[in-house]
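Each remark here refers to the structure printed beneath this line.
Every read-out reported here was derived from the displayed coordinates using simple, explicitly stated rules and does not represent laboratory data. Just so it is clear, the model here is predicted, and its values are computed rather than measured. So basically every Cβ, Gly included, is an ideal-geometry build from the backbone, and we count neighbours across all protein chains shown.
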Amino acid sequence: MLKGRFTTRRTCRLCNSSMLHLFLNMGLMPLAGDFLKKKDIGKEKLYPLRIFFCENCFLVQLLDIVKDSNIFKDYRYFSSVSLSRHFGDYAQEISTKFLKKGSFVVEIGSNDGVLLGPFKKRGYRVLGVDPAKNATKEANKKGLKTITDYFGIKSSKRILEEYGQADAIFANNVLAHIDNMEDVAKGIEILLKDDGIFVFEVHYLGNLIKDLQYDFFYPGEHLTYYSLYPLMLFWKKYGIKIFDIKKTKIHSGSIRVYASKKSRKKSNIEKFLNEEKKLGLYKKNTFDKFATQVFKNKSLLEKNIKDLAKKGKIVGYGAAGRANTLLNYSNITDRAITYIVDESSQRQGRFTPGNHIEIFPVSKFKNDNPKFCMILAWSYADEIMKKEKEFKENGGKFVVPLPKFVVK
């Protein structure tokens, strides 16, 4: 494996400050979403995974930007596999509170149309924008009009010319991937109606710190880790005001943020800001302490898995991108984890980057009956253990790596 090409930002992604504090260096890592075909094993490239804290606006971010290829051209994560219910409820809430008959909604990073589908069923005009060709192809097959492109000033002007302004714009699990946030913000400023709403979901930094979720750091793909305060400062520059926020359980803890150009009555904002202060999200010392915990956890996980491997076969459950960070950083290879199973056909038959563990359908795990099952998709541990209770009834043991290593 070779070191890939990348550039390094010198200023904060949101406020342009140069007051950037490196608090965690996880070394060279492969792209977390780069699930390999057999012929590509060993050809993947490695990139630095270094995490910084902005001392001016308190944003946590990666500054090393992957330049080798377009990460999202062949994206192996389809939201419909695991998040259909979540986005169905999401669409119902937004429809009830904010939309009216004939509303035009646009989603940035719309993936395979998992949110657009419920909106279309309710009679709204929908349009998705996503750079992943395989995802947009899947969405268009479902009759959900989706453009293969990055969202920004140029694409928003084209949409405006063809469709008019949007009543609502959504961006779910996508803002963390974007380096040039100014382009996106200006695009939204152009496309959104004055009385329209902008709603987005992002993984929440507060949960990441509290639960030691260092497996959510990815090179190339996850560039930014959000809390409320830096988001408020950033969007305000473009005339977009955050008026509400709430927590969701997806991805081990996310936030749904509601904003608009028009001033609206605020809800939960002060409560969230006070919680963030108590968590220490505005102090660099918090992140230095977090890094110390990460180093300790990594060493313990590596040792525990090697010890378990001596007692019996271990298989992994859930080939999530974050699992690739966890396994590579902890030096866990196919010598310890024999194989991984996953429900997504997009990953089955491929290999994990860096450690080259093969991915199979869940049926292989059911038929094989190994001694240990390490739940790599640990945020869904309860659901997986309930679903696979027969494994435990037959004498198998589940291993949950985070936020605390448990064998049960």
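Using the Cα gyration tensor of region 282-397, with a ≥ b ≥ c the square roots of its eigenvalues, what is the shape: rounded (a/c below 1.5), prolate (a/b larger than b/c) or oblate (neither)? The shape class here is prolate. Quick one: check the C-alpha center-to-center distance for region 207-259 versus region 383-408, whole angstrom. Their Cα centres are 30 Å away from one another. Measure nothing but the geometry: give the 0 to 90° angle between the long axis through the Cα atoms of 153-163 and the longest principal axis through the Cα atoms of the chain, rounded to 10°. The answer is roughly 60 degrees.
Here 15, 57 are placed in order of increasing Cβ neighbour count within 10 Å, fewest first, which gives 15, 57. With the convex hull constructed from alpha-carbon coordinates only, region 59-210 shows a mean projected area of 9.8 nm² over all directions. By the count of neighbouring beta-carbon atoms within 10 Å, fewest first, 211, 112 end up ordered 211, 112.
Taking amide H positions as modeled 1.01 Å from N, with prolines and chain starts lacking one, the residues under 5 Å from residue 128 and 5 or more places away or on another chain are 107, 146, 147. Using C-alpha pairs below 8 Å separated by at least 6 residues, the relative contact order for region 79-284 is 16 percent. Can you give me the long-range amide H partners of residue 197? Hydrogens built in the peptide plane at 1.01 Å from N, cutoff under 5 Å, separation of 5 or more residues or another chain. Hits under the 5 Å cutoff: 168, 169. On the principal axes of its alpha-carbon atoms, region 1-66 has extents of 46, 17, 17 Å, going from largest to smallest.
The packing ranking, built from the mean of other Cβ atoms within 10 Å per residue, places the peptides 228-235, 309-316, 377-384 in the order 228-235, 377-384, 309-316, highest first.
Amide H contacts of residue 172 (H built 1.01 Å from N, in plane; Pro and chain starts excluded): 108, 201 sit under 5 Å, all sequence-distant by 5 or more or on other chains.
Sequentially through region 187-194, phi angles give Karplus couplings (6.51, -1.76, 1.60; θ = phi - 60°) of x, 5, 4, 6, 8, 7, 4, 4 Hz, Gly and Pro residues having no value and appearing as x. Computed from backbone phi with θ = phi - 60° and the Karplus coefficients 6.51, -1.76 and 1.60, the 3J(HN,Hα) list for region 297-302 is 5, 4, 5, 5, 4, 4 Hz; x is used for glycine and proline.
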